[in-house]
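Data first, discussion second: the structure below is written as structure tokens.
The values are calculated or read from the model by the stated rules, or taken from the named source; none is laboratory data. Predicted, not measured: the structure shown is a model, and the values here were computed from it. All Cβ positions, glycine included, derive from the backbone under ideal geometry; neighbour counts span all protein chains shown. Accessible surface areas use protein heavy atoms only, side chains included; no ligands, DNA or RNA. Shrake-Rupley method; radii C 1.70, N 1.55, O 1.52, S 1.80 Å.
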Amino acid sequence: VYVDPAKRLELYFRPKDPYCHPVCANRFPTSTMLLRVKRRTKKKQQLDSEEHTQPEVQFEMEIVGTVTTVYKFQGMSDFQYLAMHSGPDGKQTSMYDKVLMLKPEKEEFFHRELPLYIPPPIFSRLDTPVDYFYRPDIQHREGYSNPQVSGENLIGLSRARRPHNAIFVNFDDEEMPTKPLDAAVQTWKKVCTNTVDKKVEEELRKLFEARPIWSRNAVKANISVHPDKLKLLLPYLAYYMLTGPWRSLWVRFGYDPRKHPEAKIYQVLDFRIRYGMKYGYASNDMPVKAKRSTYNYSLPITVKKQVSHTVSVHDLKQGLGTSGASGTKKPASSRYKLKESIYIFREGALPPYRQMFYQLCDLNVESLQKIIHRNDGTELECTERDGWCLPKTSDDLRDTMSLMIKQIIRSTRPALFSNTTSSENGKEQLAYESGEEEDDEEEEEEDFKPSDGSENEMETEILDYV
């Protein structure tokens, strides 16, 4: 607990009871001293047996050291759930000897008839008292309807999800949309109230004119736009592909990549950094660390989350010139821009995340481009798996990129490969496997960081625009 500053110290009143719910202490910095105090009592000699004298007391104090961290139990004790059973006469009977296996038991132990006992999966989410202010009934806007629920006793959503009016398209759909939804047009026109927003709209139009298909991260790396405004602007100019070789990408309205072989270079490549003993390095040895780990998971009451800056309607209407906190490091023209490494793969550089969605045209390596353009001029059919490329093109690209990344790690951390032997040409032939375990992404040092609402970036983007 002490090693992780975000964790809380737990105190169990009944340590041997697995159903005991602890009380938690918060961590606080302090600058105090630790004292050792000795109390010495010296009795005086009695001159007369009938006369009582007070003993002499002396205190000795010594400073042992300093204390920099303390844990304070400020919360209330939570509910305690006992393994008990109420009989017909109201008598409580303990079930600990029946539900706890303290020693190896025979098969009869598991076939005994017992009353149903299911402990709660979670107790109170908060252990500090809060003031609850009763609010008046919510006044919804005109045209609002309650969300549909599947049962009468289900608790519905607190509010309807704010739609962003994006159009989602599958690879096997017959026609591609040629214009946005009317609601998307109205929403953007309502928010686009200043020259900065109009300039951003014009910049995004030029991007789609020069290149009909973009990923959201690529857009963020080329123009500086507030992420909340980008959610409204992208559905106004493009539709979103859910499946096929252009999945997770935004396509300009009226452009059907299935009919244009030149759209091959805009296909997506789901690349994940491979690791394991056969590659020479384990997960903990990788320079690109995971953003999250299930080993560090804790309940909501045990994590102190940073308070994010809330965006008001006033900020959105003012545009980039006045929105955001004052004194930021980056100017307004590049405040929300991401680095090029977020969507471009270059030789000699590690990807910022363990999982990346690259477009083929953004693989800036000559050997990779040769693999992509092997069938230029002879594209016959666009398939859902390989698009306009030859079969297994994605696998060949992943193998080549994985070998390049291994060579980068070898040059930066040669100790990891001290036990491995290399071939004569300095390149190792590895039995690569496609479809390795999916890893979380690592945060990049940016003033504004990509979405971390989901382990899968594509899933997060769909939830943002649905």
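Listed by first and then second residue, the pairs linking a residue in the range 230-249 that is free of Cβ contacts under 8 Å to residues at least 60 places away in the same chain and of a type in the set (Gly, Ala, Ser) to a residue that is open to solvent by less than 10 Å² (accessible area, probe 1.4 Å) and not in a strand (DSSP E or B), with Cβ atoms under 7 Å apart and 6 or more places separating them unless they lie on different chains, are Ala238/Phe208.
The selection criterion, being in a loop (DSSP other than H, G, I, E, B), open to solvent by less than 70 Å² (accessible area, probe 1.4 Å) and among the aliphatic types (A, V, I, L, M), holds for Leu114. Checked against the criterion of being at pLDDT 85 or above and either more than 30 Å from Tyr336 (Cα to Cα) or touching a strand residue (DSSP E or B) at 6+ places or on another chain (Cβ under 7 Å) (or both), the candidates Arg112, Arg211 yield just one match: Arg112.
Sub-8 Å Cβ pairs linking a first residue in the range 366-384 that is touching a residue at least 24 places away in the same chain (Cβ under 8 Å) to a second residue that is polar (S, T, N, Q), at least 6 apart or interchain, are Ser367/Thr400; Leu368/Thr400; Ile371/Thr393; Ile371/Thr400; Ile372/Thr393; Glu384/Thr243, ordered by first then second residue. For residues that are modelled with pLDDT under 85 and among the polar types (S, T, N, Q), scanning just the range 324-382, find the one that is most open to solvent (accessible area, probe 1.4 Å). This residue is Ser326.
Is one or more of the residues making up the range 58-77 aromatic (Phe, Trp, Tyr), within 46 Å of the chain's Cα centre (by Cα) and assigned to a strand (DSSP E or B)?
Yes.
If you filter the range 261-280 down to residues that are part of a loop (DSSP other than H, G, I, E, B) and out of contact with any Pro (no Cβ under 9 Å at 6 or more places or on another chain), you find that the one that is nearest to Val219 (Cα to Cα) is Arg274. Here is the figure for the range 237-260: residues that are in a helix (DSSP H, G or I) and surrounded by fewer than 24 Cβ atoms within 10 Å (Cβ to Cβ) total 3.
Taking Phe271 as the residue in question, decide whether it is modelled with pLDDT of 90 or more, open to solvent by less than 20 Å² (accessible area, probe 1.4 Å) and either under 30 Å from Asn26 (Cβ atoms) or in the same structural domain as Arg205 (by the TED database) (or both). It would help to see each step written out before you state the result.
On the way: modelled with pLDDT of 90 or more: yes; open to solvent by less than 20 Å² (accessible area, probe 1.4 Å): yes; either under 30 Å from Asn26 (Cβ atoms) or in the same structural domain as Arg205 (by the TED database) (or both): yes.
Spelling it out, Phe271 is indeed modelled with pLDDT of 90 or more, open to solvent by less than 20 Å² (accessible area, probe 1.4 Å) and either under 30 Å from Asn26 (Cβ atoms) or in the same structural domain as Arg205 (by the TED database) (or both).
Scanning the range 43-87 for residues that are modelled with pLDDT of 85 or more, over 30 Å from Asn26 (Cα atoms) and open to solvent by 100 Å² or more (accessible area, probe 1.4 Å) yields one hit, Phe59. Among the residues of this structure, Leu126 does not count as one that is closer than 23 Å to Gln80 by Cα, modelled with pLDDT of 75 or more and either of a type in the set (Lys, Arg) or loosely packed, with under 10 Cβ neighbours inside 10 Å (or both). If you check Ala184 against the conditions, is it open to solvent by less than 20 Å² (accessible area, probe 1.4 Å), more than 19 Å from Tyr358 (Cα to Cα) and either at pLDDT 95 or above or not aromatic (Phe, Trp, Tyr) (or both)? Yes: the conditions hold for Ala184. Could you tell me whether the range 146-166 includes any residue that is under 30 Å from Glu381 (Cβ atoms), crowded, with 18+ Cβ neighbours inside 10 Å and modelled with pLDDT of 90 or more? The answer is yes, given that some residue of the range 146-166 is under 30 Å from Glu381 (Cβ atoms), crowded, with 18+ Cβ neighbours inside 10 Å and modelled with pLDDT of 90 or more.
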